Structure formats: C-alpha cells, structure tokens
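The values are calculated or read from the model by the stated rules, or taken from the named source; none is laboratory data. What you see is a predicted model; the values in this text were computed from it and never measured. All accessible areas refer to the heavy atoms of the entire protein, side chains included, with ligands and DNA or RNA removed. Shrake-Rupley method; radii C 1.70, N 1.55, O 1.52, S 1.80 Å.
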Amino acid sequence: IVNIGSVVGTVAARGCAPYCATKHALEAVSDSWRQDLLPHKISVSLIQPGFIPSDICRSKIFCGDAGRLEEVSAVVYDALISKYPLTRYAIGKVLILPSWLAVLTDSFLPDRLGDSLLNITEWLSGGVSKRYWKSE
C-alpha cells in the first residue's frame, strides 16, 4: 500500500490548517495499517512530498521550485516495486530545506523553536508575509 501524504502532515504550515489536518490523519492511518498488516506481510509506505506548485499554492516564493511531479512519480514507483520499501519517503523541499530535514527537525525540536525556524526559513526564501494558499 502506498499513500500520498504531504510533509505538512508532519510540519504544519500557517494558513492551511484543514489541509494539514487531513495529511496528518493520513499519517496516522498509514502508521496503524502498517502495524495491522505486518502479520500479513503487507507493507505500507507514506510518500511525503514537500511543496509542489499546484492550484492550492499561490505563492511562487513559497512553492515555486520546491518539487516536481516526476520526482514524486519515481518515488511511488520505487515504493511499489521494492521488496523492502521504506515506511516514509520525504521528498522535495519545504521552502529552502529538503523535506527530510524539515520532517526530522520537526520531530526533535520544541514546537516554538520549530515555528521560529520555519519563520526564519520563510524569510530567507523571500520574506513572504501574506497568505500562501487559495481560500475558496
């Protein structure tokens, strides 16, 4: 089983709480299924792309050169054909950080320090201070 989540399931971004919440829920489902299906030798992998330019993202600075669909497709293919797929594939970027580093950093840093790091990284990426996501 290969689920497509997002790095924002782990590293929540300002201005997109509903999207972050659904991706976090998918992480929990993937973790539970992985444990439930282990006795049946069924693997569960979660693909966690960083920010990819799409209709949901309106800022070129925030999402401009973060990731490519081809990279995501290649990782999905690897997860599907691998005899021992990884449980998580963090790919692409979150602002200027590689996704894997953003996920790792978020796991170990206190929340407020992680928030500050995200704000500093955002500032280094161009000082975006407005909403990033489309609101319908």
Practice task
Considering only protein heavy atoms, with the full assembly of protein chains and a 1.4 angstrom probe, order Thr10, Thr87 by accessible area, largest first.
Solution key: Thr87, Thr10
Handout entry: With DNA, RNA and ligands ignored, accessible area of Glu70 (1.4 Å probe; Å², nearest 10)
Key = 130 Å²
Exercise for the section: Enter the accessible area of Ile91 (Å², nearest 10), with the probe set to 1.4 Å and all protein chains included. Expected result: 20 Å²
